[in-house]
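Here's the structure, in structure tokens; my notes come after.
Throughout, read-outs are computed from the coordinates displayed, never taken from laboratory work. If you're wondering where the values come from, they're calculated on a predicted model, not measured in any experiment. Methodologically, a virtual Cβ is constructed for each residue, glycine included, from the backbone with ideal geometry; neighbour enumeration extends over all protein chains shown.
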Amino acid sequence: MLRAVGTGLSVGILLVTAALAVAVVVVPRVTGSVPLTVLTRSMEPTLPPGTLLVVRPTPLADVRVGDVVTYQPVSGDPAVTSHRVVAVTTATDGSRTFTVRGDANAEADPPVLGAQVRGVVW
């Protein structure tokens, strides 16, 4: 009896691990998304350090106030930041600029240009 329970638990753990692997690796690749990990406390309590994010490419026209976007603060630098959109400004030429702020931050980040946005947290 104990052997059957142990085997059942082992199979269950294996299936859960396989499902997590599919969710973290396969789904992002198929959808063109990128898995990232939160490193700082700027988005607490919503996204504490260690949280796994999946960032999917999103047309800029679909980015709304309240979305969490991942953007590249410095061109050519691979570092990215994920913060919440608090305002969207559209210029007369149709280009968009985003005001973003970490949930735990008192002040907004410098304006984020559309070219800096890598995607929206899924």
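For the chain, the Kirkwood hydrodynamic radius comes to 16.3 Å, computed from all pairs of different C-alpha atoms. What whole-number distance in Å separates the alpha-carbon centres of region 70-122 and region 1-69? Here the answer is 22 Å between Cα centres. Amide H contacts for His83 (H built 1.01 Å from N in the peptide plane; partners 5 or more residues away or on another chain; cut-off under 5 Å): Val69, Tyr71. Close amide H partners of Leu53, meaning residues 5 or more places away or on another chain with modelled amide H under 5 Å apart, are Leu36, Thr37, Val38. Rounded to the nearest 20 debye, the dipole size of the chain about its Cα centre is 420 debye, using +1 on the Cβ of Lys and Arg and -1 on the Cβ of Asp and Glu. Remark: region 59-72, residue by residue, has Karplus-estimated 3J(HN,Hα) of x, 4, 5, 8, 7, 10, 4, x, 5, 9, 10, 10, 9, 9 Hz, where x stands for each Gly or Pro and the curve is 6.51 cos²θ - 1.76 cosθ + 1.60 at θ = phi - 60°. Working note: Karplus 6.51/-1.76/1.60 with θ = phi - 60° gives region 95-108 the couplings 5, 10, 10, 10, 9, 10, 8, x, 4, 9, 9, 7, 10, 6 Hz, where Gly and Pro are set to x. Between Pro110, Ser82, Gly94, the Cα set farthest toward the positive side of the dipole of the chain (charges on each charged residue's Cβ, about the Cα centre) is that of Ser82.
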